[in-house]
Amino acid sequence: IAAVASISVVGIAIGLGMPLLSFVLEARGFSAGMIGLNTAVAGIASLAAAPFATPLAIRFGMVPVVLAMLAAGGLSFSGFYFVESFSGWFVLRALLHFAITVLFILSESWINHCAPPARRGFVLGLYATVLSLGFAAGPWIFAQLGSGGFLPFGFTLCLIALAAVPVLFATRDAPDLAE
């Protein structure tokens with residue numbers, strides 16, 4: 001449940017973040033090229049984050065790293081509302097996608113380590129379905145909440161905080177990647 005909750009917010013953050021952030025930047029008068037440049041930071045941050053996911057979990061533990069990445073993702077996502085500086089958005093985009101990449105890798109690792117072998121395919125299918133539903137829910141949430149004001153940012157922050165609850169209760173069930 002903890003790993004699935006984590007991956008659900010990854011899907012929502014990506015599914016909602018892409019259109020929301022583009023619309024906000026466009027409303028602030030930035031060109032399509034500059035918006036695309038800012039969006040490209042997501043891919044670079046994801047590539048940079050991947051090698052750090054497992055070493056971070058080995059050093060600090062799965063649950064503390066997942067909670068830290070949920071916090072970093074939530075704060076950076078809501079930070080887009082407050083930060084006016086375009087260069088600040090590059091930092092926020094990098095932090096957001098670093099965090100969600102680490103969450104993606106660790107939640108998948110968690111599933112692979114903890115799912116019973118006889119049920120692993122079912123659990124991975126559930127995991128992939130929840131991720132896909134998160135991707136689909138993001139644009140739907142955007143359509144419902146729009147891009148004006150703090151509401152879409154605050155709503156996402158609340159979803160991320162809710163995803164942290166099952167992680168807090170899963171300390172004993174988290175795999176020890178050092179093994």
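If you go through segment 1-27 and keep only what is open to solvent by less than 30 Å² (accessible area, probe 1.4 Å) and over 17 Å from residue 71 (Cα atoms), you end up with 15, 16, 20, 21, 24, 25. The single residue among 150, 86 that is farther than 22 Å from residue 34 by Cα and not β-branched (Val, Ile, Thr) turns out to be 150. Exactly one residue out of 128, 115 is surrounded by 17 or more Cβ atoms within 10 Å (Cβ to Cβ), more than 18 Å from residue 45 (Cβ to Cβ) and either out of contact with any helix residue (DSSP H, G or I) (no Cβ under 7 Å at 6 or more places or on another chain) or without any contact (Cβ under 8 Å) to a residue 12 or more places away in the chain (or both), and it is 115. Candidates in segment 147-164 are the residues that are within 15 Å of the chain's Cα centre (by Cα) and of a type in the set (A, V, I, L, M); of these, the one that is farthest from residue 3 (Cα to Cα) is 157.
Within segment 66-81, none of the residues are in a helix (DSSP H, G or I), modelled with pLDDT under 95 and open to solvent by 30 Å² or more (accessible area, probe 1.4 Å). For segment 55-106, the candidate set comprises residues that are in contact (Cβ under 8 Å) with a residue 24 or more places away in the chain and of a type in the set (S, T, N, Q); within that set, the residue that is farthest from residue 171 (Cα to Cα) is 78. A single entry from 98, 30, 90 fulfils the requirement of being open to solvent by 10 Å² or more (accessible area, probe 1.4 Å), in contact with a helix residue (DSSP H, G or I) (Cβ under 8 Å, 6 or more places away or on another chain) and assigned to a loop (DSSP other than H, G, I, E, B): 30. Please go through (1) closer than 19 Å to residue 25 by Cβ; (2) crowded, with 21+ Cβ neighbours inside 10 Å for residue 104 and return the number of the only condition it doesn't satisfy. Only one criterion in (1) closer than 19 Å to residue 25 by Cβ; (2) crowded, with 21+ Cβ neighbours inside 10 Å is unmet by residue 104, namely (1). Is it the case, given these coordinates, that residue 118 is modelled with pLDDT of 95 or more, aliphatic (A, V, I, L, M) and in a helix (DSSP H, G or I)? No: the conditions fail for residue 118.
Does residue 58 qualify as being more than 16 Å from the chain's Cα centre (by Cα) and within 23 Å of residue 120 (Cβ to Cβ)? So residue 58 fits the description; yes. Here residue 50 fits the description: on the phi < 0 side of the Ramachandran plot and either open to solvent by less than 40 Å² (accessible area, probe 1.4 Å) or touching a residue at least 12 places away in the same chain (Cβ under 8 Å) (or both). Take the residues in segment 146-179 that are assigned to a loop (DSSP other than H, G, I, E, B) and closer than 14 Å to residue 81 by Cβ; name whichever of them is most open to solvent (accessible area, probe 1.4 Å). Across segment 146-179, the extreme among qualifying residues is 150.
The values are calculated or read from the model by the stated rules, or taken from the named source; none is laboratory data. Computed from a predicted model, the values in this text were never measured in an experiment. Cβ sites come from the backbone with ideal geometry, for glycine too, and all protein chains shown count toward neighbours. Keep in mind that these areas ignore ligands, DNA and RNA; they rest on the heavy atoms of the full protein, side chains included. Shrake-Rupley method; radii C 1.70, N 1.55, O 1.52, S 1.80 Å.
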